[in-house]
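What follows is one structure encoded as structure tokens, with my remarks underneath.
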Amino acid sequence: MDVNTNERLVYFSDAVIAITITLLVLDLKLPEAFGTFSDAEVWAALAALWPRFLAYLISFAAISTYWINHHTKFRLIVRSDPGLMWINLLFLLTIGLVPFTTSLIAENDGTAGTAIYAGTMVASGLALTGIWLHANRRDLIDESVSRRDRQSMLTKTVLSSAVFAISIPLAFVQPDAAKYFWLLLIPINIVTRGLHSRSDKKQTKDDRTRSL
């Protein structure tokens, strides 16, 4: 087992995620004759870009959520093995598909595009869950991380995946409602981050009490 693998693994993951986010903005293209447009035509052209811009914002938020989740996990995962690296590559594989699925929902906001996009996000979330479960099972996590914090980390990832998973059948009824359902990621992240912070403060207080 290579204890130095994580640093390279995290750097590589950060680079892939950064490139993916950069590729998202390439889909925001102005018409070729934009420079000759009147002010009214400029505003009309920008308004026509709104679906693509909204898709960009959704994907930027989703990738950012998963990147923060990934970063938090690897602050606690202090060792690595081949299995962990393969699962992490699977996570990066699904993240790399996001620019394509983003173009899909920007071009076609119907059931198919929405369901495929959500399915890709579910796959990313499941890969992140797999990273944590594998690390926990193979004792790759820092021994000081409590059982409660390990469960809390797992719950946070599962909840994010669940939001996208539930939106898939919803997309077959009302695609727009499915997209609005993704907004639940915001309060879920706020609540879970608050609970995690509270847990950290309680753990610090308990440690100080025991040291007295």
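Segment Ala112..Ala162, full-extension length gain: 16.1 nm, with 0.36 nm per residue of separation and the alpha-carbon distance subtracted.
Accessible surface comparison of Arg52, Arg75, probe 1.4 Å, protein chains only, largest first: the order is Arg75, Arg52. In terms of accessible area, using a 1.4 Å probe and ignoring ligands and nucleic acids, Leu154, Leu184 rank largest first as Leu184, Leu154. Would you please state which residues of the range 132-170 a label at Leu89 would reach in this model, taking the label point 7 Å out along Cα→Cβ and a backbone N cut-off of under 18 Å? In the range 132-170, the label zone of Leu89 (backbone N under 18 Å from the point 7 Å along Cα→Cβ) covers 132, 134-135.
Assigning unit charges at the beta carbon (Lys, Arg +1; Asp, Glu -1) and nothing else, what dipole magnitude in debye, to the nearest 20, does the range 76-197 show about its Cα centre? Let's see the in-between values first.
On the way: 9 positive and 8 negative charges, 77 e Å.
It comes to approximately 380 debye.
Taking all protein chains together and a 1.4 Å probe, the residues Lys73, Lys156 rank Lys156, Lys73 from largest to smallest accessible area. Between the beta carbons of Leu49 and Leu184, assuming R0 = 22 Å, the FRET efficiency works out to 0.25 to the nearest 0.05.
Give, in whole angstrom and from largest to smallest, the semi-axes √(5λ) of the equivalent ellipsoid of the chain, with λ running over the eigenvalues of the Cα gyration tensor.
37, 19, 17
When nucleic acids and ligands are ignored and a 1.4 Å probe is applied, Met85 ends up with an accessible area of around 70 Å². One decimal place: the segment Asp39-Phe12 gains 5.3 nm when fully extended, by the rule 0.36 nm per residue minus the C-alpha distance. By a 1.4 Å probe calculation restricted to protein chains, Leu92 has an accessible surface near 10 Å², given to the nearest 10.
Would you mind getting the accessible area per residue of the chain, heavy atoms of the protein chains only, 1.4 Å probe, in Å²?
Accessible area per residue: 57 Å².
At 7 Å along Cα-to-Cβ for each site, give me the label-to-label distance between Leu154 and Arg75 in nm. With each label placed 7 Å out from Cα toward Cβ, I get 2.1 nm.
Lys-Lys pairs in the chain that are eight or more residues apart or on separate chains and whose Cα atoms lie under 29 Å of each other come to 10. Dividing the summed -39500 (n - 2.57) terms of all DSSP H runs of n ≥ 4 by the residue count of the chain sets its mean residue ellipticity at 222 nm at -27000 deg cm²/dmol.
Treating the angle as unsigned and between 0 and 90°, give the value, to the nearest 10°, between the Cα long axis of helix 50-76 and the longest Cα principal axis of the chain. Taking the Cα atoms of the chain, the angle to 50-76 is about 10 degrees.
The values are calculated or read from the model by the stated rules, or taken from the named source; none is laboratory data. A quick note: this is a predicted structure, and the numbers were derived from the prediction, not measured. Note that each Cβ is placed from the backbone with ideal geometry, even for glycine, and that neighbours are counted across all protein chains shown. When the accessible area is computed, the model is the full protein with side chains, heavy atoms only, and any ligands, DNA or RNA have been set aside. Shrake-Rupley method; radii C 1.70, N 1.55, O 1.52, S 1.80 Å.
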